[in-house]
Amino acid sequence: MLMRPTVLLYDWDNTLVDGWPGITGALNAVFAVFARPLWTVEDTKNRVRVSLRDSFPVMFGDQWERARDIFYSTLTDTHLNHVVAMPGVPDVLRAGAGRPQGVVSNKAGAFLRREVVHLGWSEFFGPVIGAGDAAADKPDPAPILMAVTQLGQTADRSVWYMGDTALDMQAARAAGVTAVLIGNADHDGGVERAAPDIHFPSAHALGARLRDLA
């Protein structure tokens, strides 16, 4: 039997916000320097899962730090111009405000926290954990466990971790919390592959459930 949530933790990109144009632009700045084919926003949605510190060494080998610096330099100039709330998300955050809430993302922590402030959402969140803040990034459970610890809570099934990918569900299971899928993970093999404990087809459906639980 699924437990009622005592803590609500969220992934960021494609769960709470759409920031893909900014991420795609920064990636393409790197690809242009390295003479690689450029990506569309859809390519980025389909391919980006793990954090930069895990993905760039694989993609760029011993040039990964140079690629990282180009990426972050470009993103610094543009990311706040592109980040917008996903449909239904402001209602979700208001509906969940009676419980501790936080963010656990594979976006670099400094950029993540600037985006939270930019959207005026600081009041909703306690911990805002990004890539590089914990000893390892998702799918490792470390950042979820860090968020739970910062809230003074215990990592158990009453903690809901909500995301849009199979990787998010993997991280939740590794942390011993409830894995909640938002959306249909069409870009990630579908709901069956993600194997969530709970599935909401949209943020609107999640918001309705949280209002009922309140």
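The values are calculated or read from the model by the stated rules, or taken from the named source; none is laboratory data. Just so you know, these numbers come straight off a predicted model, no measurement behind them. Cβ coordinates were reconstructed from backbone atoms using ideal geometry, including for glycine residues, and neighbour counts include every protein chain displayed.
The sole residue among Leu27, Leu38 that is hydrophobic (A, V, I, L, M, F, W, C), surrounded by 17 or more Cβ atoms within 10 Å (Cβ to Cβ) and farther than 24 Å from Gln150 by Cβ is Leu27.
Residues that are among the β-branched types (Val, Ile, Thr) and touching a Ser or Thr at 6+ places or on another chain (Cβ under 8 Å) are absent from the stretch 64-87 altogether. Listed conditions (1) without any contact (Cβ under 8 Å) to a residue 24 or more places away in the chain; (2) surrounded by 21 or more Cβ atoms within 10 Å (Cβ to Cβ); (3) under 23 Å from Phe56 (Cα atoms) are all met by Ala134, apart from (2). Only a single item in (1) under 16 Å from the mean Cα position of the chain (by Cα); (2) under 22 Å from His118 (Cα atoms); (3) of a type outside the set (Phe, Trp, Tyr) is not met by Pro100, and it is number (1). When the helices (runs of 4 or more DSSP H) confined to the stretch 89-156 are screened for residues that are closer than 21 Å to Thr6 by Cβ and either at pLDDT 95 or above or basic (Lys, Arg) (or both), those reaching at least 2 such residues are found at 89-95, 142-150. Scanning the stretch 46-63 for residues that are touching a Phe, Trp or Tyr at 6+ places or on another chain (Cβ under 6 Å) and under 18 Å from Phe111 (Cβ atoms) yields a single hit, Phe56.
Residues in the stretch 80-128 that are of a type in the set (D, E, K, R) and over 21 Å from Leu210 (Cα atoms): Lys107, Arg113, Arg114, Glu115. Of all the residues in the stretch 172-187, those that are part of a helix (DSSP H, G or I) and touching a residue at least 40 places away in the same chain (Cβ under 8 Å) number 1. Screening Glu65 with (1) surrounded by fewer than 21 Cβ atoms within 10 Å (Cβ to Cβ); (2) at pLDDT below 95 gives one miss only, at (2).
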